[in-house]
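Since the structure comes first, as structure tokens, the remarks are kept for the end.
Laboratory data are not the source of any read-out in this text; all were calculated from the coordinates shown. This is a predicted model, so every value here is computed, not measured. Note that we place each Cβ from the backbone using ideal geometry, even for glycine, and neighbour counts take in every protein chain shown.
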Amino acid sequence: MPGRPAVSGPEIEGVFRREYGRAVAVLVRHLGDIDVAEEAVQDAFAAAVQRWPATGLPPSPAGWIITTARNRAIDRLRREASREDRQAQAALLHARGEPAGTDPAEESPAEESAVHDDRLRLIFTCCHPALATQSQVALTLRLLGGLSTAEIARAFLVPEPTMAQRLVRAKGKIRDARIPTAFPVKPNCLTGSVPSLRSCT
Amino acid sequence: MTQYLLTVYQPDGDPPPPEVLDPIMAGVEAWGSDLKAAGSWVFSAGLHPASTATVVRVSGGETLTTDGPFTEGKEHVGGFTILRLPDLDAALESARKLADVTHLPIEVRPLQGEVRD
């Protein structure tokens, strides 16, 4: 795209800080798998770092990141489609996704409207009362704040491997025990979540 | 759907007198009936006291049998139920009802593997 000003590293970092959480939240809704969502969003940002300095910022950086991440996730799920449910997941993702060739920027209004609910939904998953309070906060900082494991470990004054293990265990419990990625419907779950929601904000 | 194991932990020793135990058992019965009616119930069992347990180990081809439960303590597994439910919130709600009826702590653990709806 000629005429676009070049993008600096700090600018891309700013996009990461602002948009990482919403991109992960949208992808978790599409995929129902936190690990795949995180990895896809990280891939998308890696692609942005390579591409944006030459092309300039896309009109909607968040839309670009989300669409790129979704395409990466589809590719990854296709590659790993040896398992039947993976295939179903990829099909689901495809059905919800935009047709190939859509300009990522054009879909940004749709993404925009879904964003707040998606992030709030993911916060409720991260702060589910079945997770220990420390895990709730750490997971929220990681998935919605985009903080690295090292940064979260420093904040909690624990060694990085300890924090890494805590995050892996929490994500594993969400997946295996099927902690829902939806709004709590029961009032007791809601109030149970609130204390750590407060400490996250 | 996921299957969940709900384990009841109860104190060792004699069971409470009938006037206490009977309403509890009636409550547990009603709890199970509701889950059966909803199609969520898979299996339930109550266990004899932990003092009737035997632990078997094999080491170097030798079999060692010890009298009593694997973990020493004042509380042991008293019974368990397997339920088939959509997510952890549903399992926790069932556990809450059972804990309310029995006045005992209930541990909820997901079983490995998905089950078809």
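Annotations for the structure displayed:
- Computed extension gain for A:Arg79 through A:Val49, at 0.36 nm per residue and net of the alpha carbon distance, reaches 8.4 nm.
- Relative to the dominant Cα principal axis of chain B, helix B:18-37 is inclined by about 60°.
- Sites counted here are trypsin sites (Lys or Arg not before Pro) in a DSSP loop (not H, G, I, E or B) having no more than 16 other Cβ atoms within 10 Å; the longest part of chain B that contains none of them is B:1-73.
- Sparse-neighbour loop sites [GluC sites (Glu not before Pro); segment B:1-100; at most 16 other C-beta within 10 Å; DSSP]: B:Glu72
- Here the 3J(HN,Hα) profile of segment A:37-42, calculated from phi with Karplus coefficients 6.51, -1.76 and 1.60 at θ = phi - 60°, is 4, 4, 5, 5, 5, 5 Hz, Gly and Pro shown as x.
- 3J(HN,Hα) along segment B:60-77, derived from phi through the Karplus expression 6.51 cos²θ - 1.76 cosθ + 1.60 where θ = phi - 60°, amounts to x, x, 8, 9, 10, 10, 10, 7, x, x, 4, 9, 7, x, 8, 10, 9, 4 Hz, with x in place of Gly and Pro.
- Put simply, the amide H of B:Trp41, placed in the peptide plane, has neighbours under 5 Å in B:Lys36, B:Arg84, leaving out anything fewer than 5 places away on its chain.
- Other-chain or far-sequence residues with amide H under 5 Å of A:Ile179's (modelled H): B:Leu88
- 5 angstrom amide H check on B:Gly78, placed H, neighbours 5+ away: B:Val8, B:Tyr9, B:Gln10
- Phi-based couplings in Hz for segment A:140-145 (Karplus 6.51, -1.76, 1.60; Gly and Pro marked x): 5, 4, 6, 7, 9, x
- Averaged over the residues of B:85-91, the number of partner chain Cβ atoms lying within 10 Å of the residue Cβ comes to 5.
- Other protein chain C-beta atoms within 10 Å of residue C-beta, averaged over A:171-177: 3.
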